[in-house]
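> One structure, pasted below without further comment.
Every number here is computed from the coordinates shown, using simple stated rules; none is lab data. These numbers were taken from a predicted model, which means no experiment stands behind them.
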Amino acid sequence: MRRKALALLGLWMLGASGPAYAQDPIHVAPVRDYVETNVLPWITDRTIIDALKDHNELNAHLTHPAIAALDAQWRAETASTRRPLIDSVLSSAVSQFLKKRQALSDGVITEIFVIDAKGLSVGESEITSDYWQGDEAKWQKTFLIGPDVMFIDGAERDDSTQMLQSQASMTVSDPVTGQPIGSITVGINLDAL
């Protein structure tokens, strides 16, 4: 019941029944076009689908306190040389797949990460600052809404790289059942489009 209420609230907040896009006409159309042409064809690859299904099954029992503890562990590991949780994610088959996809983008894709049904990172092409994405729009405006949803975030200039970028996030659904099993976020270098 709660999930259905969240989905209805999300649709009402988006004001549309189709794909959701941020309200920035300058970058939204080129990002959407790039993602539809270059990313959507591979987000249902077995590597991603299998990783999401396995992660969802493994983490089905996790409570919010356990998720918060994992997120705290991840954040602590980002400043450490000992990184068992981060290393387990970055060395996974799905992370290797995402790294290859990023490398093939000729600098357009700045990062890719796959998020499970609990909002936890399953695979990443680059290290993210946190493990739990469930409190962020990239997961809430995709996975919680349902299948066939795309959310394009606002454009931001990265302080360290000075690169203008945006994130496009999409629900990932089981190709057999059509049910959402997670989401994927792709960082796009707007200067490279």
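> Would you please report the Å³ per residue occupied by the convex hull of the alpha carbon atoms in the chain?
Numbers: hull volume 24.1 nm³, N = 193.
Cα-based convex hull of the chain, divided per residue, equals 125 Å³.
> If you don't mind, another one. Which residue fluctuates most in the GNM of the chain (Cα springs below 10 Å): Q162, Q96, Q179?
The residue with the greatest mean-square fluctuation here is Q162.
> Here's a follow-up. Can you work out the Karplus-derived ³J(HN,Hα) for every residue in segment 180-193? Use 6.51 cos²θ - 1.76 cosθ + 1.60 with θ = phi - 60°, whole Hz, and x for glycine or proline.
3J(HN,Hα) across segment 180-193, in whole Hz: x, 10, x, 8, 9, 10, 10, x, 10, 6, 5, 5, 9, 6.
> Also, I was wondering about something else. Around V122, which amide H atoms from residues at least 5 apart in sequence, or from another chain, sit under 5 Å from its own amide H, with H modelled in the peptide plane?
Under 5 Å from the amide H of V122: V114, I115, D116.
> On to the next question. Return the Rg/Rh ratio of segment 83-193 with Cα-based radii and a Kirkwood Rh.
Reported Rg/Rh (Cα atoms, Kirkwood Rh): 0.96.
> Right, next: For S173, enumerate residues with amide H under 5 Å from its amide H, sequence gap 5+ or separate chain, H modeled in the peptide plane.
Result for S173 returns I181.
> Further question on the same structure: Among S95, S169, S129, which one shows the biggest mean-square fluctuation in a GNM of the chain, springs joining Cα atoms closer than 10 Å?
Of the options given, S129 has the highest mean-square fluctuation.
> With only alpha-carbon atoms counted, please give the Rg and Dmax of segment 22-105, in Å.
Rg, Dmax (Cα atoms, Å): 16.6, 43.
> Let me ask something additional. Multiplying the sequence separation of D45 and A103 by 0.36 nm and subtracting their Cα-Cα distance, what value in nm do you get? Don't skip to the answer; put the middle values down first.
On the way: separation 58, 0.36 × 58 = 20.88 nm, distance 1.70 nm.
Value of the extension gain: 19.2 nm.
> F143's amide H: which non-local residues (gap 5+, or another chain) put their own amide H closer than 5 Å, with H modeled 1.01 Å from N in plane and none for Pro or chain starts?
Residues meeting the criterion, in which the H sits 1.01 Å from N, do not exist here.
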